[in-house]
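These notes concern the structure reproduced below.
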Amino acid sequence: MTRLLPFPFLSFGLLVLWLLLNQTISLGQLLIGCVMALAGGWILTALQLPGTRVRRPAVVVRLVGLVTVDIIRSNIAVGRIILGLGRRERTPGFVNIPLELRNPYGLAVLACIITSTPGTLWVNFDRQKGMLMIHVLDLIDADEWIRTVKGRYERRLQEIFE
């Protein structure tokens, strides 16, 4: 069964996505969607992704809640900047953050968190040095950003993936 469906959840997700994009559940679209879903799973087996295991599911729930609150706060802050509220000078800038996290899945999740939070952007990660560079729309204190990323995100991601 795993040869036919090596990634059953991914295949199911691809099928649902295909049907949603086509806005129909006709027999033809269902068959095409099944072929696409099977092909997507088989293609991923060719990539030979390293296996991983989520070690602390409760930490995942707390991290999702924390990221949700941070995204809402950042949306409000960026909205205030765009609307010109709080007339102080804005200083965009880059921050280098030394990371201990090396798990590729943990780094991918961190990249999604940082990039999906308005006002921040993942710029570069130097794997040899373990140095992450992010861009911040309104940089007030670089040390505060380092503490935030390491304390709020990296520590939890290490608990989850390492």
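No value in this document is a laboratory result; all are computed from the given coordinates. If you're wondering where the values come from, they're calculated on a predicted model, not measured in any experiment. A quick note on method: Cβ atoms are made from the backbone with ideal geometry, for glycine too, and the neighbour counts reach across all protein chains shown.
Summary of computed values
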item	result
Environment charge at M133 (Cβ cut-off 13 Å; Lys +1, Arg +1, Asp -1, Glu -1)	+1
Computed label-point distance, nm, for sites R147 and E159 using a 7 Å Cα→Cβ extension	1.9
Extension gain from V16 to V69, taking 0.36 nm per residue of separation minus the Cα-Cα distance	16.2 nm
3J(HN,Hα) from dihedral phi, the range 123-133, Karplus parametrisation 6.51/-1.76/1.60, rounded to Hz, x for glycine, proline	9, 7, 10, 8, 5, 5, 8, x, 10, 9, 10
Estimated vicinal HN-Hα couplings, Hz - the range 90-101 in sequence order (Karplus 6.51, -1.76, 1.60; Gly, Pro = x)	8, 10, x, x, 9, 10, 9, 10, x, 10, 9, 5
Pairwise label distance in nanometres, R53 with F9, each label 7 Å out on the Cα-Cβ vector	1.6
Helix 27-47 vs. the chain, principal-axis angle (Cα, 0 to 90°, nearest 10)	60
Net lengthening on full extension, Q29/M133 (0.36 nm per residue, minus Cα-Cα)	33.1 nm
Net length gained if the chain between I43 and F94 were fully extended (0.36 nm per residue, minus Cα distance)	14.7 nm
Rounded if a/c under 1.5, otherwise prolate or oblate - the range 11-68, Cα gyration tensor axes	oblate
